1. For an R0 of 25 angstrom, estimate the FRET efficiency from the Cβ-Cβ distance between residue 24 and residue 53 and round to the nearest 0.05.
2. Once you have the Cα-Cα distance between residue 65 and residue 42, take 0.36 nm times their residue separation minus that, and quote the gain in nm to one decimal.
3. Between 14, 121, 28, which gets the highest mean-square fluctuation from a Gaussian network model of the chain, Cα cutoff 10 Å?
4. Once each part is reduced to its C-alpha centroid, what is the distance from the stretch 12-29 to the stretch 130-173 in angstrom?
5. Quick check: convex hull over the Cα atoms of the stretch 49-140, volume per residue in Å³, rounded to an integer?
6. Take every DSSP beta bridge with both residues inside the chain and express the antiparallel ones as a percent of the total, to the nearest 5.
7. With runs of 4+ DSSP H residues as the only contributors, calculate the mean residue ellipticity of the chain at 222 nm using -39,500 (n - 2.57) per run, divided by the residue total and rounded to the nearest 500.
8. What list do you get for 151, 25 if you sort them by fewest beta carbons within 10 Å?
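Taken together, the values in this text are just the output of simple stated rules run on the coordinates, not laboratory data. In this text, all values refer to a predicted model and were calculated from it rather than measured experimentally. All Cβ positions, glycine included, derive from the backbone under ideal geometry; neighbour counts span all protein chains shown.
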Ligand code: SF4
């Protein structure tokens, strides 16, 4: 059962998006990122003391107004800097039959390693359906790619990856 009592630092919310994952999605841009990728589209999200703190219910109230949503996408900023509240939000989505995509500037391998000592990161990894991983690398930028900015990033089917024990991509291009 999800617990919406936590708060989260937000940069922005886009209530309806078709570019941050498959289907109609609400995108939650979290505040705070340490990757500082050259060419980042959202540098105002880097400052961990910036943004606005909100109750999770602030987000779920907006999502509930749109019956057409397929799911939520966590973007940023770096979602895995705030894994505990996002995990509850992901659970809330799944309780309603919606799916969860998350971007991260860390690779799945790095997140798994962090998860060995950070239980909230491990739990969030277990809740996510699709992970778009890795930093934005300007030299590998490709505007033709769906749902990612540079070729190094992977769109990973996390459910299949967990089941098969090897990384399964949702799409190659
Ligand atoms: S991980 Fe994303 S938000 Fe963070 S610096 Fe890189 S492109 Fe920008």
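1. On the way: r = 27 Å, r/R0 = 1.08.
With a Förster radius of 25 Å, E is 0.40.
2. Working: separation 23, 0.36 × 23 = 8.28 nm, distance 2.65 nm.
Result for the pair: 5.6 nm of gain on full extension.
3. 14
4. 17
5. Working: hull volume 11.2 nm³, N = 92.
Dividing the Cα hull volume of the stretch 49-140 by its residue count gives 122 Å³.
6. On the way: 16 of 28 bridges.
Here the antiparallel bridges make up roughly 55 percent for the chain.
7. One gets -7500 deg cm²/dmol as the mean residue ellipticity at 222 nm.
8. Details: 151 14, 25 25.
Least crowded to most crowded, the residues run 151, 25.
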